[in-house]
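**Q** First, the structure itself, so that you have it in front of you.
The values are calculated or read from the model by the stated rules, or taken from the named source; none is laboratory data. Nothing here was measured: the structure is a model prediction, and the numbers come from that model. Please note: Cβ atoms are built from the backbone with ideal geometry, for glycine as well, and neighbour counts cover all protein chains shown. Protein only, heavy atoms only, side chains kept; ligands, DNA and RNA dropped before computing areas. Shrake-Rupley method; radii C 1.70, N 1.55, O 1.52, S 1.80 Å.
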Amino acid sequence: MTGSQWWMIWPDNAALSAVLWFIIAMPFLYAARKPVHELLRSLSNAIGGPLRLGARWLLAAAREMKERNKAVLLAHGREETGQRIEREFERVAALVTRDLQGYPALPRKLLDETTRIEEDYKKCGEVPPPPPEWVTAVEAMAKVKSGGSSEMVQNVLEEIDRSVNRIHDKALADYRRAYESRHKILAGFMPFWRSLDKTMQQVDKELTGLETSAAAVDAQMEKYEQINKKTDKAEQTLTQSGFTQFFIALFVMAVAVGGAFINFKLIALPMSEMVGAGDYIAGALRTSEVAALVIIFVEAAMGLFLMEALRITHLFPRIANLQDFMRRRMMWIALVLLVTLAGIEAALALMRDMLIADKQALLQSLATTQQQAAPADPLLARIPTAGQMLLGFILPFALAFVAIPLESFVHSARTVGGAALVMLVRALAVLLRISGTIVRQLARVLVTVYDILIVVPLLVERLVQNGRGSAARAAAVKPARVDLGVGERS
């Protein structure tokens, strides 16, 4: 027998040897049934208990973290909403001061114009002309009887007819002149009506703007009240806003990183001529590349300080709390440094174009076969140079505005990170609880498998217990029958 076959009872037959060993070990396995069951249960409790306890602790920690995140989110939302309400009130105050400051004089102006229109309208009233005085004379002449003096009467009547016609023509001319003057008065109404209409339209427009601003203030106040009440709707709204701001700020910062990369490519080559192309830092980084990155970072820092001094961002409260003259001084210093760095980058971009042109000229001079190329247009050749210089001057100012999305990213990352951490802790708690349940169920499976292995002794035990139970029941029934017989004889 070799060293690996020492356990075989039947040589050259491993299966039969294993069966014989199992038969021999079965009584011992049966005898150790209860201790093995207790061991498996103890191991499942020892492993599953801490797992379930850890799951409970993680769930409690997740609830506490959620409450803290809610408190921070509501505090930040309360601050932002308060600032928006202040700005809305300032806008309303400016609107009232600018548009409604003439309202005390407006009723007086409207009253004057209305009074003048009313007076002119009264002047336009048609006054009936008084009856002519000669009507009575005509009636008296009509009563004169015709006689011998009919010729004299005829002459008098003809004279009266001519006089009446002259008076009629004069009265008609006066009547027409009166109507013409009234029409002129009515035509003079138009400027006053237009002025009144324009004034009322302006009033309506200003009141509409004031109502819109008041509606915006009401909406912000309602949001502020919901935040103070700590409602679920306010928390959900602020969380959605935080996620939206996070992804928008992340996208804008990614665009800014692309601009910084282009800026780096513009100044990396000329910086190698300034600080040396063969110098390395820590054996892997070129000194020129590090210098270019430092310039870009300094530009971003100056832009950040400029935004802080202008109170556009609030990443550094100490800067916002400075006195006004110190803050303005800091603003001008940051602006001057930013303009200086932008000018330096424009010069480096020009130097880069010159270096590339010199390199191309050197390669052409070292070429074995030279072809006579057509001379390029000097104006067209200057366009790339001007574009590079303009790009090198504009990119630092574009990087200065990265402070705005950076602030939004920092504030929204707290919300997004807190929500992600709560979800991670809850997932870990569920995983631990599942693991604890699996351990307990695995212990039950092992107990069942162990009982299956020793099924023969268990069957024997069951048969013995059933036999003993039958004998005990028979012994209990027999004295009862004896007692019953004794009673009958008595």
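**Q** Which shape class applies to segment 254-344: rounded if a/c is under 1.5, otherwise prolate when a/b exceeds b/c and oblate if not, where a ≥ b ≥ c are the square roots of the Cα gyration tensor eigenvalues?
**A** In terms of gyration-tensor shape, prolate.
**Q** Among residues other than GLY392 whose Cβ falls under 14 Å from its Cβ, what is the net charge (Lys/Arg +1, Asp/Glu -1)?
**A** Residues close to GLY392 contribute a combined charge of -1.
**Q** Which ³J(HN,Hα) values, rounded to whole Hz and listed in residue order, are derived for segment 432-439 from phi using the Karplus coefficients 6.51, -1.76 and 1.60 in 6.51 cos²θ - 1.76 cosθ + 1.60 with θ = phi - 60°, glycine and proline given as x?
**A** Per-residue couplings from phi come out as 5, 5, 4, 5, x, 5, 4, 4 Hz.
**Q** Quick check on my link table: of LYS66/LYS233; LYS205/LYS229; LYS66/LYS229, which ones sit more than 27 Å apart, alpha carbon to alpha carbon?
**A** In this structure, LYS205/LYS229 lie more than 27 Å apart at Cα.
**Q** Expressed as a whole percentage, what fraction of the accessible surface of segment 203-343 belongs to carbon and sulfur atoms when a 1.4 Å probe is rolled over the protein heavy atoms?
**A** 66 percent
**Q** Find the accessible area per residue for segment 221-320; the probe is 1.4 Å, ligands and nucleic acids are left out, and the unit is Å².
**A** Using a 1.4 Å probe on heavy atoms only, each residue of segment 221-320 averages 59 Å².
**Q** Just to verify a number: FRET efficiency for LEU207 and GLN236, C-beta to C-beta distance, R0 = 30 Å, to 0.05?
**A** 0.25
**Q** Right, next: Under a Cβ-Cβ cut-off of 14 Å, what is the net charge of the residues other than TYR450 that fall near it, where Lys and Arg count +1 and Asp and Glu count -1?
**A** Residues near TYR450 contribute +2 overall.
**Q** Shifting gears a bit: Evaluate the distance, in nm, between pseudo-label points positioned 7 Å from the Cα of ASP218 and of PHE264 along their respective Cα→Cβ axes.
**A** With each label point 7 Å from Cα toward Cβ, the separation is 5.3 nm.
**Q** What area, in nm² and to one decimal, does the C-alpha convex hull of segment 416-455 cast on average over all directions?
**A** The number I arrive at for segment 416-455 is 2.4 nm².
**Q** Also: In terms of modelled amide H atoms, which long-range or inter-chain residues lie less than 5 Å from the amide H of TYR280?
**A** Excluding prolines and chain starts, which carry no amide H, the hits are THR287.
**Q** Amide H neighbours of LEU310 under 5 Å, counting only residues 5+ apart in sequence or on other chains, H built in-plane at 1.01 Å?
**A** Placed amide hydrogens put nothing under 5 Å from LEU310.
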